[in-house]
Structure formats: structure tokens, C-alpha cells
Amino acid sequence: MKKNFVPAALAGALISLLVLSGCSPDKSKGPVTLNALFMKQAGYSEEDVTSATKEFEAAHPGTTVNLTFVPYESLEQKITTSAEAGTYDVVLSDGPFTAKFAKAGLVQAVPEIAAADLKDIFPGALDATVYQGKSYGMPWMNDVKYLYYNKKMLKAAGFDAPPKTLDEMVSMAKAIKAKKLVQYPIVWSWSQAEALMCDYTVLSSAFGGAMFDASGKPTLTSEGNKKALAFMVQSIKDGVTNPKSTEYLEDDVGNVFAGGQAAFALNWTYMYNWAKDPAKSKVVDDVGLALVPGTSEVASATVNGGQPLSITKGSKNPVEAWNYILYLTDRSFQKKYSKNSLPIWKSLYTDAEVVANNPEVVAVSKDQYNYINNRPKVPFYSGFSSQMQVKIQEALLGKKPVEVALQEAQTMAEGLAAQN
Amino acid sequence: MNKRLGFRIFLYVCAFVLFLFVGLPFLWLIVSSVTLQRDLTTLPLVFPPPTFTLQRYTDIFFNPGNAIASAFQGAMVNSLVVAAAVTVLSLAVGALASYTFARLRFPGKKPLLFVLLFTYMIPPIVIVIPLYMLVSNLGLLNTKLTLILLYLSMAVPFVVWVMQSYFASIGRSFEEAARIDGCSRLQTLWHVYLPMALPGLVATGILAFLLSWDEFFFSLIFTSTLDAKTMPVAIAEFSAKNTVDYGMIATGGVIACVPPLVITAIFQKQLVNGMTGGGVKE
Amino acid sequence: MPHLLPRHRVGGEGGFAALLLTPTALVIGAVVLMPLVVTFAYSLMNMNLLSDHKGAWVGGANYAGVTTSTWFWASLGRTAYFTAVSLVTETVLGLLIALLLNQKFKGVAFLRSLVILPWAIPTNVSAALWKWIYHPEYGVLNAVLSALGLIPTYQAWLSDPFGAMNMVILADVWKMTPLAAVFFLAALQFVNKAMYEAARIDGAGAFRRFFTITLPFLMPTVLVIVVMRTVEKFKAFDLFYVLTRGGPADGTKVLTYEAFLRGFTNLDYSMAATLAYLIAFLILGLTFVYLKVFKTQAGVQDE
């Protein structure tokens, strides 16, 4: 008996040591330094993040957070090169990157979010962080496209309310054009860039067409996709869409709309302040914001431009990193800085302070966020996106009929899917 | 006489065209930096612009409140430090190596030279991924030292390539005379070769400086903060997610032109004389 | 012993050589050699981070796969077009400018300094400048051409694949022609003026003098420029990154940019590595060709 007891006790001690060391690492560790990578010049400002970080450090003595801010375009390369080395623990990612980073193992899966919290986050926003059932981040910065419309032009054409469906929008546009109020009533960002994929996501979702099915297989030749692309082509042919849209990015849409050269435009939240700024806009009093028009399939559809916070693979402090992320995505932080970026929490949209910051945008967002669609969550999205942009443009520029363009896109996507 | 006059006129016309070709884009750079954003985006474009503004320049030099603009200062300093170090070191290291390849006999010379030149032919972009892991493991991320080493690795092969044919074409008689006088090899290098190859050194030095001044991608990946961030990255930061501030980019661009211009102006004579590469005959 | 001496000297030189080469070896070796080797290893493996077979050894399959893919040849074609057109333009223009600047006339000194301007501008500034000049709405190129009545409406210069490539070439030629001009101008200083006099007395016209005296003399310089610039053009990246991002419709997707996209955006490191080595081998091959052609032409002594 004695002989057997000692080894068992030893084994028990070893096991409990292992379990204990796995369970509460932050208690036994010394001071922790986190490195975080953020973006410049959009959403929450550098000052917002910096002051919130200082509060976090005060609340967690022993933890320091070093902040780095880079331009949006550099975000992807910074994360890609440094993820394995863990140079940054927390990174601001982007919706389209999730599938890619998750599959490549560049970001870690994060702990489960409390069920009560999960219910309070808009599903579309949450979905951008999920890949194959696992969660790889927390939604943080929110952005969707809205319908902007020029109230004055609509009124002059006899319309008191914004269109509810895409067809309605087109007929309103035709009426506005017929009254010679503006030459091309609708302006889009259909340049060969990610902006085109954003708009296409909106439209294909509106017509009930998904680009990929749940298992990651491309469905680009579905009816919904055909209708969406046909809608785009037809609106150019009908002369209601500004033909220069195929060269425009979001900034150009802003210039056109704020310059009073369009009745309808689809754009992100940032155009709202721009269009309302007397120093930059000619249509300050005429700006209307509404839900993106839908079809008989859905009441509305918009695209998710939100950016989640993720933890890199090489991070040595994933637990602290997650604490930091929870702090930044917390309701109190998001409420405090809601002027710069809209919260992810549904409950905050009925909070008086948040509403007071930006009444019109909050009111529309509350509804619009229920219709968020994400761009295809396939790991090869980057390659797919750049080639799909070409195909869509070929159809838009009249170089190929809609069916042919979509069929070629389908073949291309199948090839990409098969490669891995 | 007519032929003469015709030729002179032709010369002046060509000179004027050259002046326009070279000067106009640069002029537009300067104009963009002093024009208000709203005037730059008015159609049709009004030239000269109705208002001049030096606001962007004052922001960069005198306004600590504008974070982006004042960060530019720090980046400029980093760029200058890194470029100066790379120039001096690449010439020193490269001269030693060039002399070795040009004058000394040793086994493995040709393959070694080949490997050296081969490293010059790989697009640097691709070695970034394993290089990053290496630098990270060494704890050298976000330091000027790393940038200096990286740029050296790009500049030295080039310096060696140009200088070794330069040295090779300097007559051996000079060296023999120096040796007879009792100079060691290193003394020969210092007293004979370097002075004779000075124009070549200046030319490659300027090229090394420009390479280092120019370099964008490695700086982007390997630096995070103003400890080591360089000017091209700072200029790239004037682009936001959906907006590009061309006025600010132009301003940064004008300022970024000054050091290279100063250097090429100072060394212009040697630059012109030094570009003959391996063409120095007796 | 007499027959020992040469060996001693060779050994001595070897040691000394090693000493002098150490700094170079340190710089290149410590920094670049290891990643180069790793990258080469990647090109022989499946290092596609999105693949289920990541880490597998594939030998030459990547190289075989790439060289039999249409996108590779298309990209190579674009790279060749970019290199050839911009290089020829730069060299010819550079020569003409050098000839001009070699003349004596009022303001030539000023012009000589001015001509260095585009070269001194940092690449990403120059690229951003040209992007701004080409802007479809506010670009000054549109404004000027339109004001002169040369174009009916504002053009989107960078929206046509082939047109965009030509605009990129223009931007690069603008920036890099001064380099060629300075090289040629320098070489022209060493021309034997007496030969011109003799030729003129013999009745040779300006063109004749140029083709029989100047041009052959400049051949070594042409070789230097061509080899150096070819390498740089094959490696060109910043220009494309800022101006066109490889678009539109892949119109400006040259080999190096292709490697960047596949590595950094598609996370396929083995593909990027394979492309990188292929680019290097291509440059190597081209260099050998140049050397052969120019050696037979001008009898240049080299290495």
C-alpha cells in the first residue's frame, strides 16, 4: 500500500500543478506588456483609443499596452508578416480577412462570449468574426452602407419619402432625370476595387442571391446573382446610374453627392458628416438617410464594413489580450465614443446619450443593422474578390453579357475553391 | 550662317521642351502642396489657384497639435540618419570588397562574386516573410539599426558590382609603384585607389543614399513607431481608409525631395564625372 | 624553396581577402542569406498557408506548375513589355538629353542641375504625384489636355489595362531618364575630341560623326545602363503598389507584383518564393545575353 501511495500522490501533485498553471496564468505572471495594432484616421480616433487604453492600464495595474497606428491599407501586410512572431497581441482586422487568417492559423480562436452579450450584438456584425463555427475576434468598429438621398431633388420630383425597393428607386430616378433635376441621379462606387465587391454584396443579397453557399461552394450563377448584375447593367443603360460609377471609389461618390450631382448614393457612415459639413458640401440641408432599398426577397440589405479585434497566433499573452479586447468592446467604451463610431450593442441604440450624438444616423442604423450581410467568408476571398471585380466590370462595361460573366466567374471560383 | 542659326534655334527649342518635361510635374507637386483642398477639387481647374496656403507646411514644422504632420518630422530625421549611415557604410564595406574582387587572387572568387550579385537580383519583397521572423527573434524589430542592415544588404552588392569594374580598370602600374614605395595593401587602397575612384564612389554613394531614402516596403513592415519609421511610410499615412489627401502627400513629397536634391547638387560635378563605371582608361 | 613561394603568396592573399570580405559577408550573410535559403526552400515545398497540405515537400512541382500556367506567361509578357519599352525610351531619351546638355548654350548649366530633379524625387512620392496627375476628375493632365482642346472629355487614364501600363511607363521614364542622361553625359566628357575634328575635316556630317564615333564609344555605358536598369525594372514594386495595385484587370500586374499578391494577400508563400527565384533566373539569363551581345559588339573587358 505505501509503495503505491507515493507515486500516485506524486502523479496527483504533478497533474494538479499542470492544471493550475494552465488555469490562472495571469496571477502568477509578472508585469505584462501588450502590443496593439490599430488603424489611423477612421472610426475611433487615435485620441479615443489612447485615452481608453490609459484607463485600461489604470484598471489593470501591471499591464502596459503599446499602441501602433497604421494606415488602413497597411493593416493586412502588418498582420500577415507579424502574426506568427506575435509582434502585436491585439490587431484590428477586417471582416474579409477573418476566413483567411483563421484558416492560415494567423489568429487565435477566442473564448466564448457570454450568452447574454451574444444576444445583444447584431448577428451580422458578429458573423464577421466567425469561421467554421469558431469565433476569431470581437466586433469592434461598425460600419455599413446606407442609402443617402437628396431630399430637395426628391421633393421637386414629387416624392416625399425615400424608396423602399430598388425598383422604386429606379423609377424615382427616372422621374428625377425626366424633370432634368440632375443628369445621372444615382451614383455608385463601382471602380475595380473592393468597393465594387461591397456594392455587389449589397445588391446580390437584396435579390436573394448568395455568392457562396454554407459549405463554401460558389453559387454565382444563381437567379439572385443574375438579377443583381442585370440590375446594375440595366441601370447604366437606362441612364439613371452615373456611367462614371465604374471608375469611382467611395470618395468620388462623396464628392458627387456632396456636390449636389446625385439624388441617390450608397455609402458608408463617414459620408454623413461630410455631406452635412457646410465647408465641404453643397447639400447640407438636403441630406436624407434611409435604409438601403430591398426587393420582394428582403426588406433591405447592406454590406458589413465593420472591423473586429483579433488576437494573433504568436501572442504570448492571449488572456490579457482578450481582457483588453473586452474592455474596448465594452458597452461603456462604445457609449462614450459613439460619436465617432456606432456601437455593436443593440441596447445602446435606444440609449438617450447615444441617440443624442447623432440622432438621424442612430435611428436608421438601429434598423439597418438587422440586415447586415458579410462578404463571402471563404479563405481565398482575396483572390476571388480581385477576379470577381474584373468579371463584374466586364458586364458593366458591356464587354460581356451578364450570364457569360457570371458563368466565367463561377468557373473561376470553383477553380479557387478546388486549389486547397 | 543660316545653318548655324537654325541649329541654335533647334537647341533652344529642345532645351525648352526638356525644361517643360522635367519641370512641369514637379511644379504641379509644389502647387498642389500650397493649394487648398477645395480648390484642387473644383472643376474646371483654375490655374493659378485663387488662394495660396502654407498651412500644411506650418503644420508639419510648427504645429505639434496636428499629430500626423508633426510625426512627419520624426520620420524625416529617421530617414536622414538611416540614409547617411547606409551611404557611408555601404561605401566602406563595398570598397573593401570591390578591391578584393578586383585585385586579389583567392579560391572561390568567381562563385562568391556570383552569389553576391545574385542577391541583388532577387526582388526584396519576397524574402520579407522569413526575414521578419529572423529579425523578430533577434528582438530587432522597429529599430533604425535593422533598417540600416537591410538597406546595406541591398546596396552593397550594387556598390561592389560598379566599383569592382572601376577598380579593375585602374592600371596595375599605380599599385605596383605604391608597393615599391613600401605601402601595404590597405595603404594602397587608401592612398591610390580611393582617390582615383572618387567619382565612382560619389556616384555609387549617391545611388546608395537614394536607395535608402526611397525604400518604402521594408520600412513599412519592419517599423511601427517613430523610433524607426521613415519618410516614405509617413507619406503613405496621408491616405486614410476611404480618402487620399493629395495636398498633404504633395507637401510631404516636396519636403522629401530636399535632401536628395541638396546632395545631388553639391556633388554634381563628381556625379557627372563618376558615372563612367568601368570606362576609366589610362 | 622557390616552388613554395607562389603557394604561400596565394595562401596569404586568401587570408587577407577573407579579412577584407568579412564585413560584406556579415552584412549579406547575417541579413539576407538565411532568408534567401528559406525562401528557396519554400519554393520546393507547399507553403500555402490556406492549404490543407501545408508543409509538404513538392520538389520542382511549384516551378513546373508556374511555368505552365497562363497567368505566369501573361505576367511575364507584361513585365517584358514594361521593361523593354521603358528601358529603350529611357536610354534613347537619355542619350539625346546628354547630347543636348553637352552643347554650349545659355542656361545649359541650369538645365544640367534641373534634369536631376525627377531622379531625386523619392519613388513613392513620384508615383503618388503621377497618380494625382492622372486622376480622372481632378488630374492636371486632364485639365491641361482639355484646355488645349486635345481631348474631348476627361479621360480615366488608369482605367484601361493597356493604357494604364503605358501611363505607368511614362511615370517611370520621367523619373529615371535623368539617370541615363547623367551616365551618358559623363561618358561624353571622355570622348576624344580630336577624332571629331579629323572626321569633320574628312567631310563627315553630324549624323555620320555620331554613328561612327560617338555611338560606338558609348556602347560600354549603354551596357552598364541596360543591365542595371533591367534588374531594377524586373524588381520594380513601389511604383505599381502606389499607382495601380496591379490593375486594372491585371493590366499592370508584373511578375514582382504577382509575387507580392500571392505571398501577402493569398498567403501562398511557396508561390511567391517560386516566382522570386524565377525572376532572378530570368534576370540572370538576360544579363548573360546582354553581355554576349555587347561583348561581341564593343569588345568590352569585364569581370
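Summary table
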{"quantity": "Complete set of residues in the range C:86-125 that are hydroxyl-bearing (Ser, Thr, Tyr) and either part of a loop (DSSP other than H, G, I, E, B) or more than 7 Å from chain B (Cβ to nearest Cβ) (or both)", "calculated": "C:Ser86, C:Thr89, C:Thr91"}
{"quantity": "Matching option when the condition is in contact with a helix residue (DSSP H, G or I) (Cβ under 8 Å, 6 or more places away or on another chain), among the β-branched types (Val, Ile, Thr) and in a helix (DSSP H, G or I), among B:Val77, B:Val17, B:Val22, B:Val13", "calculated": "B:Val22"}
{"quantity": "Checklist (1) surrounded by fewer than 21 Cβ atoms within 10 Å (Cβ to Cβ); (2) under 30 Å from C:Met45 (Cβ atoms) applied to C:Thr256, failing item", "calculated": "(1)"}
{"quantity": "Every pair of residues 6+ apart whose Cβ atoms lie under 9 Å, when the first sits in the range A:169-180 and is in contact (Cβ under 8 Å) with a residue 40 or more places away in the chain and farther than 18 Å from A:Ala299 by Cβ while the second is surrounded by 14 or more Cβ atoms within 10 Å (Cβ to Cβ) and of a type in the set (Phe, Trp, Tyr)", "calculated": "A:Ala173/A:Tyr184; A:Ala173/A:Phe264; A:Ile176/A:Phe159; A:Ile176/A:Phe264; A:Lys177/A:Tyr184"}
{"quantity": "Residue match in the range C:129-150 (condition: among the hydroxyl-bearing types (Ser, Thr, Tyr), in contact with an Asp or Glu (Cβ under 9 Å, 6 or more places away or on another chain) and in a loop (DSSP other than H, G, I, E, B))", "calculated": "no"}
{"quantity": "Candidates A:Leu342, A:Leu291, filtered to the one that is modelled with pLDDT under 90, surrounded by 20 or more Cβ atoms within 10 Å (Cβ to Cβ), of a type outside the set (Ser, Thr, Tyr) and in contact with a helix residue (DSSP H, G or I) (Cβ under 6 Å, 6 or more places away or on another chain)", "calculated": "A:Leu342"}
{"quantity": "Scope the range A:67-123; condition in a strand (DSSP E or B) and more than 14 Å from chain C (Cβ to nearest Cβ); matching residues", "calculated": "A:Leu67, A:Thr68, A:Phe69, A:Val70, A:Val90, A:Val91, A:Leu92, A:Ile121"}
{"quantity": "Residue satisfying condition, being within 18 Å of C:Met176 (Cβ to Cβ) and either more than 10 Å from chain B (Cβ to nearest Cβ) or surrounded by fewer than 21 Cβ atoms within 10 Å (Cβ to Cβ) (or both), within set C:Thr221, C:Thr230", "calculated": "C:Thr230"}
{"quantity": "Test: residue in the range B:89-106 that is surrounded by fewer than 16 Cβ atoms within 10 Å (Cβ to Cβ), more than 21 Å from the chain's Cα centre (by Cα), assigned by TED's automatic domain parsing to the domain that holds B:Ala228 and modelled with pLDDT of 80 or more", "calculated": "no"}
{"quantity": "Residue check, A:Thr350 surrounded by fewer than 18 Cβ atoms within 10 Å (Cβ to Cβ) and of a type in the set (Ser, Thr, Tyr)", "calculated": "yes"}
{"quantity": "Listing of helices (runs of 4 or more DSSP H) fully contained in the range B:134-217 that carry 3 or more residues being within 24 Å of C:Leu26 (Cβ to Cβ)", "calculated": "B:144-168, B:185-188, B:198-214"}
{"quantity": "Scan of the range C:17-33 for residues that are hydroxyl-bearing (Ser, Thr, Tyr) and more than 7 Å from chain B (Cβ to nearest Cβ), ordered by number", "calculated": "C:Thr22"}
{"quantity": "Residues of the range B:234-257 satisfying the condition of being more than 9 Å from chain C (Cβ to nearest Cβ) and either under 16 Å from B:Val86 (Cα atoms) or outside any loop (DSSP other than H, G, I, E, B) (or both)", "calculated": "B:Ala234, B:Gly247, B:Met248, B:Thr251, B:Ile255"}
{"quantity": "Wholly within the range C:164-248, helices (runs of 4 or more DSSP H) carrying at least 1 residues that are touching a residue at least 60 places away in the same chain (Cβ under 8 Å)", "calculated": "C:215-235, C:238-243"}
{"quantity": "Filter result for the condition that a residue is under 19 Å from the mean Cα position of the chain (by Cα) and either more than 30 Å from C:Val58 (Cβ to Cβ) or more than 9 Å from chain B (Cβ to nearest Cβ) (or both), over C:Leu275, C:Leu239, C:Leu261, C:Leu215", "calculated": "C:Leu239"}
{"quantity": "Helices (runs of 4 or more DSSP H) completely within the range A:316-420 that count 3 or more residues being within 14 Å of another protein chain (Cβ to nearest Cβ) and in contact with a Lys or Arg (Cβ under 9 Å, 6 or more places away or on another chain)", "calculated": "A:381-396, A:402-419"}
{"quantity": "Answer from A:Pro111, A:Pro163, A:Pro139, A:Pro123 - the residue that is assigned by TED's automatic domain parsing to the domain that holds A:Ile176 and in contact (Cβ under 8 Å) with a residue 24 or more places away in the chain", "calculated": "A:Pro163"}
{"quantity": "Residues of the range A:170-191 that turn out to be buried (at least 23 other Cβ atoms within 10 Å of the Cβ) and either within 14 Å of chain C (Cβ to nearest Cβ) or of a type outside the set (Val, Ile, Thr) (or both), as a count", "calculated": "8"}
{"quantity": "Single residue of B:Ala240, B:Ala168 found to be touching a residue at least 40 places away in the same chain (Cβ under 8 Å), surrounded by fewer than 21 Cβ atoms within 10 Å (Cβ to Cβ) and among the small types (Gly, Ala, Ser)", "calculated": "B:Ala168"}
{"quantity": "Test for C:Leu36: is it more than 12 Å from every other protein chain (Cβ to nearest Cβ), modelled with pLDDT of 75 or more and crowded, with 18+ Cβ neighbours inside 10 Å", "calculated": "no"}
{"quantity": "Hits in the range B:172-228 (condition: surrounded by fewer than 18 Cβ atoms within 10 Å (Cβ to Cβ) and either under 30 Å from B:Leu141 (Cα atoms) or of a type in the set (S, T, N, Q) (or both))", "calculated": "B:Ser173, B:Ser184, B:Gln187, B:Thr225, B:Leu226, B:Asp227"}
{"quantity": "Test: residue in the range C:61-82 that is within 14 Å of chain A (Cβ to nearest Cβ), at pLDDT 90 or above and in a loop (DSSP other than H, G, I, E, B)", "calculated": "yes"}
{"quantity": "So B:Thr42, is it more than 7 Å from chain C (Cβ to nearest Cβ), touching a Phe, Trp or Tyr at 6+ places or on another chain (Cβ under 8 Å) and either under 23 Å from A:Val256 (Cα atoms) or outside any helix (DSSP H, G or I) (or both)", "calculated": "no"}
{"quantity": "Total residues in the range C:249-290, condition under 17 Å from A:Ala193 (Cα atoms) and assigned to a loop (DSSP other than H, G, I, E, B)", "calculated": "6"}
{"quantity": "The range C:143-165 - residue that is of a type in the set (Ser, Thr, Tyr) and closer than 25 Å to C:Arg245 by Cα and, of those, surrounded by the fewest Cβ atoms within 10 Å (Cβ to Cβ)", "calculated": "C:Tyr154"}
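Listed here are the residues, each with its yes/no results for (1) modelled with pLDDT under 80; (2) over 30 Å from B:Ser33 (Cα atoms); (3) under 16 Å from the mean Cα position of the chain (by Cα).
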| site | (1), (2), (3) |
| --- | --- |
| B:Ile170 | yes, yes, no |
| B:Phe174 | yes, yes, no |
| B:Ser184 | yes, yes, no |
| B:Thr223 | no, no, no |
| B:Leu226 | no, no, no |
| B:Thr230 | no, no, yes |
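The values are calculated or read from the model by the stated rules, or taken from the named source; none is laboratory data. As the structure is a prediction and not an experimental result, all values here were calculated from the model. Because the Cβ atoms are built from the backbone with ideal geometry, glycine has one as well, and the counts that use them run over all protein chains shown.
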